[in-house]
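Here the structure is laid out as structure tokens; the discussion comes afterwards.
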Amino acid sequence: EGRTLRDAAHVISVSPRYPEVLRESYAYLQALNSSVIPFGGSRHDFEVAEATGQEQSIFSPNDGRRHWVYAGTAPPGSRLAVLGFLFALRRAFGAGVLREDSVRLHFIGTDYAPAGLARPRMTPFASELGMDRIVAEHPARIPYLATLRCLRDADALLVFGWDDPGYTASKLYPYILANKPLLSVLHEDSSANEVMRRTQAGVSVCFDGKSSVQELADRIFQAWFASRAFEAFPSTLWEAFRPYTASAMTERVTGVFDSVVDK
């Protein structure tokens with residue numbers, strides 16, 4: 001890494017934190033030129049999934065339950081966000097907001113390991129609270145278009161961030177494009193919060209290094225369950241979303257290439 005970057009004209013990163021880490025790690029990279037350009041979202045991907053008749057075998061969307069989906073890796077640092085949500089969900093059951101047999105949480109592709117070696121990351125959290133029957137985990141990665149089908153078939157979508165403020169949830173863009181009730185639970189310094197605020201694509205709940213599980217659970221309960229936001233389809237500001245599309249991000253990437261060549 002160090003030898004490669006020594007001769008790099010420019011570095012493109014998905015998070016503003018990563019160039020900072022590089023500068024901290026290598027003294028000779030203090031003058032490193034960098035740009036933050038996350039992966040963009042493409043509506044065309046959903047059109048391809050529809051046109052090819054893509055199906056998914058993770059859950060049955062017509063079985064009478066509410067199916068809520070989280071798709072993506074789940075490192076240990078997501079513990080606070082996930083436990084906060086599960087505590088809030090259990091409170092919602094007790095308050096009569098939802099019946100316990102009416103909801104199923106699906107965690108998909110939570111481990112980067114190859115097929116056959118993937119291990120559950122989320123069900124241990126559910127086991128701590130005795131909520132195993134509510135949670136279904138498919139830790140192995142599934143094809144991209146099948147993931148998009150899961151997002152389309154879901155009744156609501158969930159994004160859980162890490163305790164690393166540099167985490168940028170690129171998965172957020174296809175979540176927004178799926179146009180379903182959406183809840184994000186992210187570190188307050190995550191750049192993904194700005195995307196949620198600008199696009200008004202769903203409910204955003206934040207935490208920081210001092211947040212306790214119970215404090216976070218209380219905020220999630222009020223914002224997502226008490227308000228019944230899980231039933232409200234977002235009024236997304238699509239013009240505000242345009243800078244986060246794949247075409248806009250590609251334009252920025254080629255702009256970096258042009259600037260490097262010009263120099």
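The values are calculated or read from the model by the stated rules, or taken from the named source; none is laboratory data. These numbers come from a predicted model, not from an experiment. Backbone-built Cβ (ideal geometry, glycine too); neighbour counts: all protein chains shown. Just the protein is used for accessible areas: all its heavy atoms, side chains included, with ligands, DNA and RNA removed. Shrake-Rupley method; radii C 1.70, N 1.55, O 1.52, S 1.80 Å.
Computed quantities for the displayed model
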{"read-out": "Contour excess over end-to-end distance, with Cα ends at residue 57 and residue 194 and 0.36 nm allotted per residue", "value": "46.0 nm"}
{"read-out": "Highest-fluctuation residue, 174, 234, 76 considered, GNM on the chain with Cα pairs under 10 Å", "value": "76"}
{"read-out": "The chain: calculated mean residue ellipticity at 222 nm from DSSP helix runs of at least 4, using -39500 (n - 2.57)", "value": "-10500 deg cm²/dmol"}
{"read-out": "Stretch gain in nm, segment residue 235-residue 33, where the contour uses 0.36 nm per residue and the Cα spacing is subtracted", "value": "69.0 nm"}
{"read-out": "Extension gain from residue 7 to residue 210, taking 0.36 nm per residue of separation minus the Cα-Cα distance", "value": "69.1 nm"}
{"read-out": "Highest to lowest packing among 2-14, 94-106, 137-149, scored as the average C-beta count within 10 Å", "value": "137-149, 94-106, 2-14"}
{"read-out": "Residue 128-residue 25 FRET efficiency (beta carbon distance; Förster radius 41 Å; 0.05 resolution)", "value": "0.70"}
{"read-out": "Accessible solvent surface per residue of the chain, calculated while the other protein chains remain in place, 1.4 angstrom probe, Å²", "value": "49 Å²"}
{"read-out": "Cα gyration tensor shape for the range 120-207, rounded if a/c is under 1.5, else prolate or oblate", "value": "oblate"}
{"read-out": "Relative contact order of the range 79-217, pairs being alpha-carbon contacts under 8 Å that are 6 or more residues apart, as %", "value": "25 percent"}
{"read-out": "Carbon plus sulfur fraction of accessible area for the range 1-134, probe 1.4 Å, in percent", "value": "50 percent"}
{"read-out": "For the range 190-263, Kirkwood radius (reciprocal of mean inverse C-alpha pair distance, Å)", "value": "15.1 Å"}
{"read-out": "Among 45-53, 218-226, the order from most to least packed when residues are scored by Cβ within 10 Å on average", "value": "218-226, 45-53"}
{"read-out": "Of 189, 63, 208, the one that fluctuates the most in a GNM where the chain has Cα springs shorter than 10 Å", "value": "63"}
{"read-out": "Projected label distance in nm at residue 115 and residue 246, using a 7 Å step from Cα toward the beta-carbon", "value": "2.3 nm"}
{"read-out": "Three-way shape label, the range 39-106, alpha-carbon gyration tensor, a/c 1.5", "value": "oblate"}
